Amino acid sequence: MESEYRTAEHAEPFRRFGEWMERVLAAQVKEPTAMSLATADEGGRPSNRMVLLKGFDERGFVFYTNLESRKGRELAANPHAALCLFWQPLELQVRIEGAVEAVSAQEADEYYNSRARGSRIGAWASTQSRPLASYDELMRRVEEFEARFAEGDIPRPPHWSGFRVVPERIEFWQGRASRLHERERFDRDPAHPGRWRVQNLYP
């Protein structure tokens, strides 16, 4: 028999995520913001890659990319995604599923301007996911944009921005002995947007 649902306030899963992230940072886990991002094309065929979480709040979880990359094109055609963060040393995992929306131009500008100069040049030089004849070709493009932006600011490319995954489901997983793991799933309540339905799951 399935366990009963309970309800939770909107902030609860985000507060939990923040507490877990604080534990991860305190433990100095390597690449604490690395997460798997799964997307699907308009035909439903999935693809998966690692990206970095660049921010989160009660609106959702943010990452940045070239909008013309494979993931950018897939998200334009099918604006839904799944994220997974796994912190093996602490045996913690968070799975997030939801719709995807673009971040504001202001958010994208603020983050882009915080990046190292080389990373900003790279955003111009790389036509991400497109065929590349050789690494030398990429280096030539880097040199071209270094020269183009030798003086002054490096503006954000029009093809580079961020996405926010607005969660409809968040699952917290805690590893336990004998594979008797703890799993707790938060599902957004469609009838009450300010609340979540929460249920424990068998491992």
Of the residues in region 43-58, those that are open to solvent by 50 Å² or more (accessible area, probe 1.4 Å), touching a strand residue (DSSP E or B) at 6+ places or on another chain (Cβ under 6 Å) and either over 25 Å from R130 (Cβ atoms) or in contact (Cβ under 8 Å) with a residue 60 or more places away in the chain (or both) come to K54
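Yes/no matrix, rows are residues, columns are (1) over 16 Å from E68 (Cα atoms); (2) in contact with a strand residue (DSSP E or B) (Cβ under 9 Å, 6 or more places away or on another chain); (3) open to solvent by 50 Å² or more (accessible area, probe 1.4 Å):
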| residue | (1), (2), (3) |
| --- | --- |
| A108 | no, yes, no |
| N113 | yes, no, yes |
| G122 | no, no, no |
| M139 | yes, no, yes |
| G152 | yes, no, yes |
| G162 | no, yes, no |
The one condition P190 fails out of (1) under 30 Å from R6 (Cα atoms); (2) at pLDDT 95 or above is (2)
Would you check which residues across region 76-92 are aliphatic (A, V, I, L, M) and either within 22 Å of R176 (Cα to Cα) or in contact (Cβ under 8 Å) with a residue 24 or more places away in the chain (or both) and list them? A77, A81, A82, L83, L85, L90, L92
Are any of the residues in region 64-72 surrounded by fewer than 16 Cβ atoms within 10 Å (Cβ to Cβ), out of contact with any strand residue (DSSP E or B) (no Cβ under 6 Å at 6 or more places or on another chain) and among the small types (G, A, S)? no
Please go through region 73-85 and give me each residue that is in contact with an Asp or Glu (Cβ under 9 Å, 6 or more places away or on another chain) and either assigned to a loop (DSSP other than H, G, I, E, B) or open to solvent by less than 40 Å² (accessible area, probe 1.4 Å) (or both), ordered by number. E74, N78, P79, A81, A82, L83
Within region 170-194, work out how many residues are open to solvent by 40 Å² or more (accessible area, probe 1.4 Å) and either in contact with a Phe, Trp or Tyr (Cβ under 7 Å, 6 or more places away or on another chain) or acidic (D, E) (or both). 3
Given the criterion assigned to a loop (DSSP other than H, G, I, E, B) and touching a His at 6+ places or on another chain (Cβ under 9 Å), identify the matching residue among P157, P203, P131. P203
Can you list residue pairs whose Cβ atoms sit under 9 Å apart, with the first residue in region 106-130 being closer than 14 Å to P158 by Cα and at pLDDT below 95 and the second being assigned to a helix (DSSP H, G or I) and open to solvent by 50 Å² or more (accessible area, probe 1.4 Å)? Count only pairs 6 or more apart in sequence or on different chains. T127/R141; Q128/R70
Is there a residue being outside any strand (DSSP E or B) and either at positive phi or small (G, A, S) (or both) anywhere in region 14-22? yes
Can you name every residue in region 78-110 that is among the charged types (D, E, K, R) and over 19 Å from V166 (Cα atoms)? E91, D109, E110
How many of the residues in region 1-31 are within 28 Å of S119 (Cβ to Cβ), open to solvent by less than 30 Å² (accessible area, probe 1.4 Å) and not β-branched (V, I, T)? 5
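The values are calculated or read from the model by the stated rules, or taken from the named source; none is laboratory data. All of these numbers come straight from a predicted model, not from anything done at the bench. Backbone-built Cβ (ideal geometry, glycine too); neighbour counts: all protein chains shown. Heads up: the accessible areas ignore ligands, DNA and RNA and are worked out on the full protein's heavy atoms, side chains in. Shrake-Rupley method; radii C 1.70, N 1.55, O 1.52, S 1.80 Å.
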